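*Asks:* Next up is a structure, given as structure tokens.
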Amino acid sequence: MMAVRDDASNWIIATGQAWKLYVAVVGFGGALALLTAAFFSFAMRGGLFMALAACGVFLGAATFVWLVAALRCPHCSARLVWTMAASRPHSSWIIDLAALEYCPQCKDPLARARRR
């Protein structure tokens, strides 16, 4: 069972999984940097465009797959990213994920997580 922070206002922070979001931000940032470098390599007529673009796409996809697998409800083991992406509009699922107050699958609330 995970330790729960009493001072947290967010369900993901309260369950100690915020670091997973930070790792994902770094992974997606790295993918963006690689794709940007690929664009500049193409503009400068460099031969690294395909290698940089492929690495950027791979890193972005691997980061997303890892985040889907890693961010889970400690109560029901639901994959939170997949549940949110499948049930929310594409423009707001990531914002809704960051502002969770309960598990979208089992409805385990933040208040209950604090009592454990």
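*Asks:* Among the numbered conditions (1) modelled with pLDDT under 85; (2) surrounded by 12 or more Cβ atoms within 10 Å (Cβ to Cβ); (3) over 11 Å from the mean Cα position of the chain (by Cα); (4) small (Gly, Ala, Ser), tell me where residue 111 comes up short.
*Replies:* (2)
*Asks:* Could you please give the count of residues in the stretch 78-93 that are part of a loop (DSSP other than H, G, I, E, B) and touching a helix residue (DSSP H, G or I) at 6+ places or on another chain (Cβ under 7 Å)?
*Replies:* If we filter the stretch 78-93 for residues that are part of a loop (DSSP other than H, G, I, E, B), which is where we start, we get 78, 88-92.
Narrowing the set further to residues that are touching a helix residue (DSSP H, G or I) at 6+ places or on another chain (Cβ under 7 Å) leaves 88.
So the count comes out to 1.
*Asks:* May I pose another question? Search the stretch 43-65 for residues that are surrounded by fewer than 17 Cβ atoms within 10 Å (Cβ to Cβ) and pair each with any residue that is assigned to a helix (DSSP H, G or I) when their beta-carbon atoms are under 6 Å apart and the residues are at least 6 apart or on different chains.
*Replies:* Every condition considered, the pairs that remain are 48/41.
*Asks:* If you don't mind, there's one more thing I want to ask. Can you tell me which residue within the stretch 23-47, out of those that are aliphatic (A, V, I, L, M) and modelled with pLDDT under 90, is nearest to residue 11 (Cα to Cα)?
*Replies:* Only one residue tops the list, namely 43.
The values are calculated or read from the model by the stated rules, or taken from the named source; none is laboratory data. Everything quoted here is computed from the prediction, not taken from an experiment. When we count neighbours, we look across all protein chains shown, and the Cβ atoms used for this are built from the backbone with ideal geometry, even at glycine.
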